[in-house]
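I have placed the structure first, in the form of structure tokens, so that the comments after it can refer back to it.
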Amino acid sequence: MRTKKWLAGALSVLMLSLALAGCGSAKSPTSEPQNQGGTQQGSSTNTPAKTPVELTVWSHLTSPEVQEVQKVADEWAAKTGNKVTVLEDQTGFQEFAAAATAGQGPDIMYGLPHDNLGPFWKAGLLEPVPDGVIDESNYEKVTLDAVSYEGKKFAVPISYEAVALFYNKALVSEPPTEWDEFLALAQEKGFMYKIKDFYFTYGFIAGNGGYVFKDKGNGNLDPTDVGFASEGGIAGLQLLSDFVNKYKLMPSDVDDNMAKAEFQAGNIAFYLSGSWDVKGFEDAGVDFGIAPMPKMPNGQPFSPFVGVQAAFVNADSKHKAEAWDLIKYLQENVPERLLAVGNRIPAQKSMASALQTNPYLAGFAESAKVGHPMPNIPEMASVWAPAASMIELVVMQQATPEQAAQQAVQAINEAVAAQR
């Protein structure tokens, strides 16, 4: 939710990045020696490096989180004899691409939303993750898929997020798990959310069998196969229309402010959103819980977009071995701090029990486990506008689900073709 706006900016420099790479400004992922400092790649060690190096980390996490990352990085630096500077980076990704292609970028980007990785991967700016850095058995599969391209991993998952169902405990003592129960309660006690926003609504489309780009496995998405006009996609769109026009759960012009205000006032029992809304409701004294959305009418789970914060090594870094060693050390020592300071859900399964310290995050984590990583390829930038238009046409009853889906697919296909 909070990440998609950066993707378009990154695309604006993709062609420049590719051109510079072709001129030799950016080295290929395999052109650098794999161990240039003295530490063993993929292992955190207490033995000082033979030749101390200085690593620069750019982070898109919040200020309090960046401070925690710096503390852990300093621990690693003391153990290895190196130096690390962690900088809070609030710029767009144009600056990273320009700096990286000019050989002036950071060694590590830490906390990058995974759906922005595509342009950098396309431009050859991501170093493949070496063996020994990720224990795949300890990571949620959805997070590994999010950082994969063509069967290879180009970043390490840090944390993840997805929307889930907020329920008002004064109106509903327990969250419903079956669709019929949810729909009956929603009609009686209210349900609203930002229905025309594709990010929030995708879970209903995917839960009914629709998709954005066909997943061919191994992190390989087919941008020429758009699934909105599939049988499942049309069924999902029909459900959205029914929310507004059949069940009268919300007006067609509902926005996030309206839905949030109704939930906070206790006028509705259910609201769909992400962890970023938790604090506001806590501060307002709302007694609420978080749970996954109930199964869809077809018995399949609601499958929201999943956003993953990730760490990657700049393919042009002169200290790749040390950079991966630092990332591995951070992964071993940062997750609990980010959970405490930033309510980040750790990507590692071994951290699942720590979620019990927060009364809300377990519900978001359960929702994410049956979700889909937001497509991480550059072509996703061509989806947002046609998808939003598709949903608006349906809920406003200006087109049938079939007509709206076909229009969206045509627009996306044309945009993708032009982008290529």
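For labels at Lys79 and Ala352 in the simple 7 Å Cα→Cβ model, what's the distance in nm?
Spacing of the two 7 Å Cα→Cβ label points: 2.6 nm.
Could you compute the net charge surrounding Val129? Neighbours are other residues with a C-beta less than 13 Å from the C-beta of Val129; K and R count +1, D and E count -1.
Overall, the nearby charge balance is -1.
Counting only heavy atoms of protein chains, what accessible area per residue, in Å², does segment 301-420 have with a probe of 1.4 Å?
That works out to 36 Å² per residue.
Build a GNM of the chain with springs between Cα atoms under 10 Å: which of Ala404, Ala385, Ala368 gets the top mean-square fluctuation?
Largest GNM mean-square fluctuation: Ala385.
Ordered by packing density, taken as the mean number of other Cβ atoms within 10 Å over each peptide's residues, highest first, how do 344-351, 312-319 rank?
Answer by packing, highest mean first, reads 312-319, 344-351.
Among rounded, prolate and oblate, which fits segment 287-420 when a ≥ b ≥ c are the square roots of the eigenvalues of its C-alpha gyration tensor, a/c under 1.5 means rounded, and a/b larger than b/c means prolate?
oblate
Straight distance only, please: which lysines reach the Cα of Lys196 with their own Cα at less than 17 Å, same-chain residues fewer than 8 apart left out?
List returned: Lys4, Lys5, Lys246, Lys248, Lys260.
In straight Cα distance, which aspartates and glutamates are under 12 Å from Lys169, not counting same-chain residues fewer than 8 positions off?
Once the sequence-local aspartates and glutamates are set aside, what remains near Lys169 is Asp287.
At Asp225 and Ser63, where each label point lies 7 Å from the Cα along Cα→Cβ, what is the point-to-point distance in nanometres?
Taking the two extended label points, one gets 4.8 nm.
Do any trypsin sites (Lys or Arg not before Pro) in segment 158-244 lie in a DSSP loop with no more than 12 other beta carbon atoms within 10 Å, and if so, which?
Passing both the DSSP loop test and the Cβ count: Lys216.
With a sphere of radius 13 Å drawn around the Cβ of Phe120, what net charge do the other residues whose Cβ falls strictly inside it have (Lys, Arg +1; Asp, Glu -1)?
Within the 13 Å Cβ shell, the charges total -3.
Counting DSSP beta bridges with both partners in the chain, what percentage is antiparallel, nearest 5?
In the chain, approximately 70 percent of DSSP beta bridges are antiparallel ones.
If you count only protein heavy atoms with a 1.4 Å probe, what accessible area per residue comes out for segment 124-237, rounded to a whole Å²?
Per-residue value: 36 Å².
Please go through the residue pairs Lys83/Lys328; Lys189/Lys349; Lys141/Lys318; Lys79/Lys153 and name each one whose alpha carbons sit more than 24 Å apart in this structure.
Lys189/Lys349; Lys141/Lys318; Lys79/Lys153
Could you sort the peptides 74-86, 320-332 by per-residue average Cβ neighbour count (10 Å cutoff), highest mean leading?
320-332, 74-86
Evaluate the distance, in nm, between pseudo-label points positioned 7 Å from the Cα of Asp135 and of Ser252 along their respective Cα→Cβ axes.
5.4 nm
So how far, in whole Å, is the C-alpha centre of segment 398-416 from the one of segment 225-300?
About 23 Å separates the Cα centre of segment 398-416 from the one of segment 225-300.
Top mean-square fluctuation among Pro375, Pro335, Pro304, Gaussian network model of the chain, C-alpha springs under 10 Å?
Its mean-square fluctuation being the largest, the pick is Pro335.
Of the accessible area of the chain, with the probe set at 1.4 angstrom, what percent is carbon plus sulfur?
Percent of accessible area from carbon and sulfur atoms in the chain: 48.
With only alpha-carbon pairs counted, each pair once and no self-pairs, how large is the Kirkwood hydrodynamic radius of the chain in angstroms?
22.4 Å
The values are calculated or read from the model by the stated rules, or taken from the named source; none is laboratory data. The shown structure was predicted, so the numbers you read here are calculated from the model rather than taken from an experiment. When we count neighbours, we look across all protein chains shown, and the Cβ atoms used for this are built from the backbone with ideal geometry, even at glycine. Keep in mind that these areas ignore ligands, DNA and RNA; they rest on the heavy atoms of the full protein, side chains included. Shrake-Rupley method; radii C 1.70, N 1.55, O 1.52, S 1.80 Å.
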